[in-house]
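Worksheet for the structure shown next.
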Amino acid sequence: MSVTAAERWIRPAKQQSALVRLFDNKAFLIIACLLPAIGLLGVFLTYPLGLGVWLAFTDTTIGRRGVFVGLENFEFLFEDPIFWNAVFYSVFYTSVATVGKFALGLWLALLLNNHLPMKSLLRAIILLPWIVPTVLSAIAFWWIYDPQFSIISWVLIETGIRETNVDFINTAWPARWSLIAANIWRGIPFVAISLLAGLQTISPSLYEAAMLDGASAWQRFRYVTFPMLLPILAIVMTFSIIFTFTDFQLVYAITRGGPVNSTHLLATLAFQRGIPGGQLGEGAAIAVSMIPFLVFATLFSYFALARRKWQQGESND
Amino acid sequence: MATVDIREVRKAFGTTQILHGVSVGIEDGQFVVLVGPSGCGKSTLLRMLAGLENITGGEIAIGGRVVNNVPPKDRDIAMVFQNYALYPHMTVFQNMAFSMKLAGAPKEVMEREVQKAAKILGLEQLLHRFPRQLSGGQRQRVAMGRAIVRNPQVFLFDEPLSNLDAKLRVQMRSEIKELHQRLKVTTVYVTHDQIEAMTMADLIVVMNHGRIEQAGAPLELYDRPANLFVAGFIGSPAMNMMEGRIADGHFAGPGGAAWPLPANGHAPPAGEVIYGIRPEHLRLDPDGIPATVQLVEPTGSETQVLLRIGEANVSGAFRERVSARPGDVLPVSPDPGLVHLFDKKTGQRI
Ligand SMILES: Nc1ncnc2c1ncn2[C@@H]1O[C@H](COP(=O)(O)OP(=O)(O)OP(=O)(O)O)[C@@H](O)[C@H]1O
Ligand SMILES: [Mg+2]
């Protein structure tokens, strides 16, 4: 009896308030939901980017609103050996550091993917360089590379390997290599941990199958690990290239672009010219000139990472 | 093609003993099925054969050669994994040719051998697909193709059909059997499905808790199970087991029913025993033991009836149609040639 009664009971249609009806309106909802995101992107991303690009075409200096000067800033830069030196060093720094980071990071990841005693502790230790704020590690390197108080020099002298202090950052090439070493040190954890995550998605039975098929350890890496790691390797590499190319903190904190502008990256040079130098237009032009390189790196990732054929199709395993 | 000898093999992971001395002799060309409940150590034994786990104790010989310290690739075996373990970034062709590629075989040989295996398995049209683009059954076949191409002395299968649906499983079962009849390669096959074991094996090895309970031909295990475990494991529906004692040349079972003793000549000693009778070996018999019908399940070809005798549930499977309804009394009697007696304490066959 009561069951039939319950079935018969019909929910009375309630008169909905205007506010409720407003929130049921699809167009209104779309706008309401997108507004915060668009606002944030506009204020913090598009506006600064647009302003930066605009400044690159003006002769603005600090304290003086500039006028549009067309490509004059770029023409000036193209004649400027310091700018070309920064372009060279940015590319060199990025290439060498990326190769170093990936060689060492992959090696570490392969090592950590094995059964090791105290594996989690090791993983935590490896993450350390990345957790420490960059400026802090930059200051540490500043001391490590100090002409007089360098710990490396001290150790080398104490053990009798060298007689004088090592010159890390006082001449051009040693300074360039020292900065690259610091960048590699800082970048390894990101690479190693990301690749480790990739390695762990490879099913152990694939290695067992390869072992039965007669593959040596190197062949297992060459034919199983590497091709299966390639997609994640490409993503991580793109990120790493972008972060390295736009690096600022390490270089600025350790050498400030010196000695004699030999270690300027485009980012540090842009800052140097724009803020302490006051030439906002020129600084912005340097920053804008990074865009082609970054677009190239992104396109590289887009095409190199484009999902391979074997990854496509239904995913049921 | 080779014999496989497993002698007193033991396995421990750390301090936990998994296999406690397992011995099996496998003849050349035999199809051996390792069967047992989950966790009994079947896969572990198979992986030890393959060389993927090291051997804690005992010896394994393939073709007369002790392989305890021989690496997997030199054991001349091929294995089909439960998840197939196909290389996802290689096409079917590349998957099957991989071992030859590693061995540095010339292109024509690879092409020829892969085509040959693909023909056997009906994979010719799929050679350029990636594993993702295949159905479960096709993947299974590729995994077998990869094994066939290697032309091994021994095939190892670890539950190769457990990822397939029931119908495909039956089909692949007969395909594997046919393949074996054709290639006549010694095969060790792991499953926990006793029907698969019964239908495919020349020799069934029933394992439990890291020990072999019984090894023998399928019908031997069905007709003469060595102990309660095998009796309960082999056969479907499962054997009825009743507790009681031997008295006056009868088995006095639940509810005081008197069951005939096995007609094998020698009289068992009096005492507590377990009396086993398979459902399909019960007959409808007007002079039999009265049983109350609880449930009738006609399947068409036979009728399964759940009966109650005393406080024991007994199931029967009858070829004839049974028109009884729950609550009716249905007299049944066992075929005396087909009853089993087990010692209550040790569980061993008497
Ligand atoms: N690497 C390992 N370390 C520790 N114990 C293990 C390891 N591998 C297997 N075992 C244990 O060994 C026992 C047997 O495992 P095994 O995989 O051989 O079982 P199985 O008979 O194949 O079962 P299933 O039918 O579920 O596959 C299990 O109790 C399992 O927990
Ligand atoms: Mg298993």
Self-check item: Pairs with Cβ under 6 Å, 6+ apart, first in region B:40-60 and at positive phi, second near ligand 2 (Cβ under 10 Å from one of its atoms)
Solution: none
Quiz item: Taking B:Leu86, is it within 14 Å of chain A (Cβ to nearest Cβ), crowded, with 17+ Cβ neighbours inside 10 Å and among the hydrophobic types (A, V, I, L, M, F, W, C)?
Solution: yes
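Tell me whether region A:216-224 contains one or more residues that are crowded, with 20+ Cβ neighbours inside 10 Å and modelled with pLDDT of 90 or more. Can you show your working first?
Of the residues in region A:216-224, the ones crowded, with 20+ Cβ neighbours inside 10 Å are A:223-224.
Within this subset, residues satisfying the condition of being modelled with pLDDT of 90 or more are A:223-224.
Looking through region A:216-224, at least one residue is crowded, with 20+ Cβ neighbours inside 10 Å and modelled with pLDDT of 90 or more.
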Practice problem: Just name the residue that is nearest to the chain's Cα centre (by Cα) out of those in region B:21-63 that are assigned to a loop (DSSP other than H, G, I, E, B) and closer than 23 Å to A:Met211 by Cα. | Solution: B:Gly41
Quiz item: Just wondering, is there one or more residues in region A:30-51 that are surrounded by fewer than 11 Cβ atoms within 10 Å (Cβ to Cβ) and outside any helix (DSSP H, G or I)?
Solution: no
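For (1) surrounded by fewer than 19 Cβ atoms within 10 Å (Cβ to Cβ); (2) of a type outside the set (Ser, Thr, Tyr); (3) more than 29 Å from the chain's Cα centre (by Cα), each residue gets a yes or a no:
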{"residue": "A:Phe141", "(1), (2), (3)": "no, yes, no"}
{"residue": "A:Pro147", "(1), (2), (3)": "yes, yes, yes"}
{"residue": "A:Ile157", "(1), (2), (3)": "yes, yes, yes"}
{"residue": "A:Phe168", "(1), (2), (3)": "no, yes, no"}
{"residue": "A:Leu179", "(1), (2), (3)": "no, yes, no"}
{"residue": "A:Met211", "(1), (2), (3)": "no, yes, yes"}
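Determine, yes or no, whether B:Val70 is assigned to a helix (DSSP H, G or I), of a type in the set (A, V, I, L, M) and more than 10 Å from every other protein chain (Cβ to nearest Cβ).
On the way: assigned to a helix (DSSP H, G or I): no; of a type in the set (A, V, I, L, M): yes; more than 10 Å from every other protein chain (Cβ to nearest Cβ): yes.
So B:Val70 fails the test.
Looking at region B:61-91, which of its residues are at positive phi and within 16 Å of ligand 1 (Cβ to nearest atom)? Break it down into steps so the answer makes sense when it comes.
Just the residues of region B:61-91 that are at positive phi, to begin with: B:63-64, B:76, B:84-85.
B:Tyr84, B:Ala85 - these are the residues of region B:61-91 that are at positive phi and within 16 Å of ligand 1 (Cβ to nearest atom).
On the given criteria, is A:Phe300 outside any loop (DSSP other than H, G, I, E, B), within 14 Å of chain B (Cβ to nearest Cβ), surrounded by fewer than 18 Cβ atoms within 10 Å (Cβ to Cβ) and of a type in the set (Phe, Trp, Tyr)? Spell out how you get there, then give the answer.
Working: outside any loop (DSSP other than H, G, I, E, B): yes; within 14 Å of chain B (Cβ to nearest Cβ): no; surrounded by fewer than 18 Cβ atoms within 10 Å (Cβ to Cβ): yes; of a type in the set (Phe, Trp, Tyr): yes.
In short, no.
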Quiz prompt | Of residues in region B:171-229 being surrounded by fewer than 18 Cβ atoms within 10 Å (Cβ to Cβ) and β-branched (Val, Ile, Thr), the one farthest from ligand 1 (Cβ to nearest atom) | solution = B:Thr199
Quiz prompt | Condition met for B:Leu338 (of a type in the set (A, V, I, L, M), out of contact with any strand residue (DSSP E or B) (no Cβ under 6 Å at 6 or more places or on another chain) and either without any contact (Cβ under 8 Å) to a residue 60 or more places away in the chain or surrounded by 12 or more Cβ atoms within 10 Å (Cβ to Cβ) (or both)) | solution = yes
Quiz item: Which residues, taken from region B:1-31, are surrounded by 16 or more Cβ atoms within 10 Å (Cβ to Cβ) and either among the polar types (S, T, N, Q) or near ligand 1 (Cβ under 9 Å from one of its atoms) (or both)?
Solution: B:Thr3, B:Lys11, B:Gln17, B:Ile18, B:Leu19, B:Gln30
Exercise. Run B:Leu34 past the list (1) away from ligand 1 (no atom under 12 Å from the Cβ); (2) more than 14 Å from chain A (Cβ to nearest Cβ); (3) surrounded by 23 or more Cβ atoms within 10 Å (Cβ to Cβ) and report the number of the one that doesn't hold.
Key: (1)
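Could you please find all residues in region A:88-102 being surrounded by fewer than 19 Cβ atoms within 10 Å (Cβ to Cβ) and either at pLDDT below 90 or in contact with a helix residue (DSSP H, G or I) (Cβ under 8 Å, 6 or more places away or on another chain) (or both)? Outline the logic, then answer.
Keep residues of region A:88-102 that are surrounded by fewer than 19 Cβ atoms within 10 Å (Cβ to Cβ), which gives A:88, A:91-92, A:95-96, A:99-100.
If the condition is that a residue be surrounded by fewer than 19 Cβ atoms within 10 Å (Cβ to Cβ) and either at pLDDT below 90 or in contact with a helix residue (DSSP H, G or I) (Cβ under 8 Å, 6 or more places away or on another chain) (or both), then A:Val91, A:Phe92, A:Val96, A:Gly100 are the ones that fit.
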Quiz item: Among (1) within 14 Å of chain B (Cβ to nearest Cβ); (2) buried (at least 18 other Cβ atoms within 10 Å of the Cβ), which single condition is A:Ser194 missing?
Solution: (1)
Self-check item: Residue list for region B:50-85, filter: under 17 Å from B:His20 (Cβ atoms) and within 16 Å of ligand 2 (Cβ to nearest atom)
Solution: B:Glu53
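The values are calculated or read from the model by the stated rules, or taken from the named source; none is laboratory data. Just so you know, these numbers come straight off a predicted model, no measurement behind them. No Cβ is skipped: glycine too gets one built from the backbone with ideal geometry, and neighbour counts run over all protein chains shown.
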